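Below you'll find the structure, written out as structure tokens, and then a few comments.
Read-outs: derived from the displayed coordinates by stated rules, not from any lab. Quick caveat, the model's predicted, so the values are computed rather than measured. Virtual Cβ from ideal backbone geometry, glycine too; neighbours counted across all protein chains shown.
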Protein chains: 2
Amino acid sequence: MRRHEALLRQLAIRHPLIQAPMVGVSTPRLAAAVSEAGALGSLGTAAAPVDEIAAQIRQTRELTTQPFNVNLFCHAPAVADPAREADWLAYLAPEFRRFGAQPPAALREIYRSALGNEALLAMLLALRPAVVSFHFGLPDGGWIPALREAGIVTLACVTAPEEAALAEAAGADVLVAQGYEAGGHRGIFDPARDACIGTFALVRLLARRSRLPLVAAGGIMDGSGIAAALQLGAAAVQMGTAFILCPESAAGAAYRERLRGAPAQQTGVTAAISGRAARGLVNRLHELGEQTTLRLPDYPIAYDAGKALHQAAAAHGNQDYAAHWAGQGAPLARELPAAQLVQCLIDEWHEAQRNAAAE
Amino acid sequence: MRRHEALLRQLAIRHPLIQAPMVGVSTPRLAAAVSEAGALGSLGTAAAPVDEIAAQIRQTRELTTQPFNVNLFCHAPAVADPAREADWLAYLAPEFRRFGAQPPAALREIYRSALGNEALLAMLLALRPAVVSFHFGLPDGGWIPALREAGIVTLACVTAPEEAALAEAAGADVLVAQGYEAGGHRGIFDPARDACIGTFALVRLLARRSRLPLVAAGGIMDGSGIAAALQLGAAAVQMGTAFILCPESAAGAAYRERLRGAPAQQTGVTAAISGRAARGLVNRLHELGEQTTLRLPDYPIAYDAGKALHQAAAAHGNQDYAAHWAGQGAPLARELPAAQLVQCLIDEWHEAQRNAAAE
């Protein structure tokens, strides 16, 4: 059987395409529209309490009977460090003052990790979404077997061969190979260790050493990209940036405007927004991160500062502190309803295959 | 006509494959073997005086009547800064002392840029190699028209859409799209400005906006990579790391040993070896570069220090300061004579095409 068809069967989808989970961008409407179109929609739930994730799963189910994916953040829980946090806030204070604001008195851990969150596992086992995916590493030891037992397919995001080996040993069903081109948070397991491997090299390196199906992610924006990724040995692709401009996404007007224009041409990776490396449209916080040797507060404690600063600036119509995540292919994003975008991508992929066959 | 066939005709080669010019690795023997096998061999001549480049061209011609490529470095000539250089040598002094050596008293500009080197242009116009390629930017205004007039095809290495636009405006015939995965020196025009775009995203971005034929470079190690690059819109590929282990290359025993083993799994980009960003097997100089905020001497003045330090260490059997350039696909390198490697790559590419056609 063709490599991608085996994965389609495993995920019970028609097209080898996953809409990337994107916190703040993906919505039940977007996931449902993608899944209804025959690809795999995803919910980016990292930010939410268990009840809210459950509500999102239920909302998505009201819109589609097709399978979809629920993404979890598996980072080591943040360790508070009041001195480090105070230093960071002091460094950002002049930026707050530009907008007549004060930095918050203290920072909070605004997103809870899936690690140790047994209520989250219990909810997933009760609601049984078809697919659960992991970011920032792997869940606690018992989770993958428990999810499998419940009939849930698991996807682990990896950025390097060593991470792929860990995910395979832990029993993940599928590897999402996230190349350096990808928008949003780097899936690196250890925040201090990033090999920055590009999609092209990463997929090839993993294809040679892993027996698990691979999903290529990073820089894939059209059907030629899908064809190329499959040629490299992937069984499917994951695309995030391509879906941000869909009307079903939760991206705000300023985000959409920048993604449609010249700012899309300049993305960069910074930890200064959230505390962990993430790729987005270059803004003032990228610059501030580069200009200091301060050790950042842990993820997502630093994110609390970044969000407060964005809020202060946005109140004055300034979007230069916004977390507008985007991959290196951002200038190729198109503005289409999700179902139409999926169909267009699959048509382009088939055409690319036909052209290759004709050569 | 198929996109890659037009380029094959333009370059008068049989296979859509260029062996990357690699100073210190490529040799007339390697270039000739690759060209004889139907791909395009390259000479990495950046380091050499005009007479020596001419001698290399003549040596290559004794070994093949097929076309080959001569690569030129077009960096802004170094500006000496004795204070900056003294600071850098002082920083490296403890490393020299580990091997009972002293840093050199002063540093020299060891490689001359093609910029302003009219004797180099005159030699090229007299010897007329089939192809001339540019790295680190573009040559002086009159060069590309003069080379074209002489029947020489020009290739410009670019790492971002803005550089592609400059190369196209300057009249280059072909763009080499160098992705972040690639080994060796980043082709960035401005050493202070690197968008770090991965091969996958870069080829797609350029394919959408440039009418020139594209050569994909970075992370391509086998026939699946060739098929994928062509699927992305490239008309050919350039591969460097894949050729280092060929017996015809000038790579030394230590370099080969590290490339065959575990060190191949860890590459990084540093400017601390030469003064400009380059990707290679991670060594002590990568670390030293990360641990300081000193401004490095200009390229290639810093390289004089790096080479002196390597020499001091190598005299004690230590290879941890060596410039062992390699791309992110390094673990996939194979050890074959160049002609056999070319044939193997082309066979794999054809097989990958057949498999895609069968889907």
> Counting alpha carbon pairs within less than 8 Å and at least 6 residues apart, what relative contact order, in whole percent, applies to chain A?
Replying inline: 19 percent
> Going by alpha carbons, how many degrees (0 to 90, nearest 10) lie between the helix axis of A:301-314 and the longest principal axis of chain A?
Replying inline: 80 degrees
> Does segment B:137-179 come out rounded, prolate or oblate by the C-alpha gyration tensor, with a ≥ b ≥ c the root eigenvalues, rounded set by a/c under 1.5 and, if not, prolate when a/b is larger than b/c and oblate if not?
Replying inline: prolate
> What shape does segment A:190-313 have by the C-alpha gyration tensor, where a ≥ b ≥ c are the square roots of the eigenvalues, rounded means a/c under 1.5, and otherwise prolate means a/b greater than b/c and oblate the rest?
Replying inline: oblate
>> Could you work out the percent of alpha carbon pairs in segment B:185-251 separated by over 18 Å, rounded to a whole number?
In response: 45 percent
>> Using Cβ counts within 10 Å as a stand-in for footprinting exposure, how do B:C196, A:C157 rank, fewest first?
In response: B:C196, A:C157
> Hey, what do the phi angles of segment B:60-65 turn into as Karplus ³J(HN,Hα) couplings, whole Hz, using 6.51/-1.76/1.60 and θ = phi - 60°, x for Gly and Pro?
Replying inline: 5, 5, 5, 9, 8, 9
> Using the count of nearby Cβ atoms within 10 Å as a rough guide to exposure, how do B:L245, A:L232, A:L332 rank from fewest to most?
Replying inline: B:L245, A:L332, A:L232
> Cα centroid distance between segment B:218-296 and segment A:1-32, in Å?
Replying inline: 34 Å
>> Show me, for segment B:112-125, the HN-Hα J-couplings you get by feeding each phi into the Karplus relation (A = 6.51, B = -1.76, C = 1.60, θ = phi - 60°), rounded to Hz, glycine and proline as x.
In response: 8, 6, 5, 4, x, 8, 5, 5, 5, 4, 4, 4, 4, 5
>> With the cut-off at 1.5 for a/c, could you classify segment A:213-261 from its C-alpha gyration tensor as rounded, prolate or oblate?
In response: prolate
> What base-10 log of the normalised intensity I(q)/I(0) is obtained for chain A from the Debye formula, alpha carbons as equal point scatterers, at q = 0.07 Å⁻¹?
Replying inline: -0.28
> Using modelled backbone amide H atoms (1.01 Å from N, in-plane), which distant-in-sequence or interchain residues come within less than 5 Å of A:V70's amide H?
Replying inline: A:L43, A:V131, A:V132, A:S133
>> With a cap of 14 neighbouring Cβ atoms within 10 Å, and only residues DSSP puts in a loop, list the GluC sites (Glu not before Pro) found in segment B:276-358.
In response: B:E335
> Nearest-5 percent of antiparallel DSSP beta bridges in chain A?
Replying inline: 20 percent
>> Once you keep just the Cα pairs under 8 angstrom separated by 6 or more residues, what percentage relative contact order results for segment B:11-118?
In response: 26 percent
> Using the count of nearby Cβ atoms within 10 Å as a rough guide to exposure, how do A:M221, A:M123, A:M239 rank from fewest to most?
Replying inline: A:M123, A:M221, A:M239
>> Give the residue list of trypsin sites (Lys or Arg not before Pro) in segment A:32-123 that are DSSP loop and have at most 15 other beta-carbon atoms within 10 angstrom.
In response: A:R108
> Of A:H135, A:C157, A:A253, whose Cα points farthest to the positive end of the dipole of segment A:133-290 (charges on the beta-carbon: +1 Lys, Arg; -1 Asp, Glu; origin at the Cα centre)?
Replying inline: A:A253
> Which value at 222 nm does the protein assembly as shown reach when only helices count, each DSSP H run of 4 or more adding -39,500 (n - 2.57), with the total divided by all residues and rounded to the nearest 500 deg cm²/dmol?
Replying inline: -12500 deg cm²/dmol
> Expressed as a rounded percentage, what relative contact order does segment B:227-318 have, with Cα pairs under 8 Å and six or more residues apart?
Replying inline: 18 percent
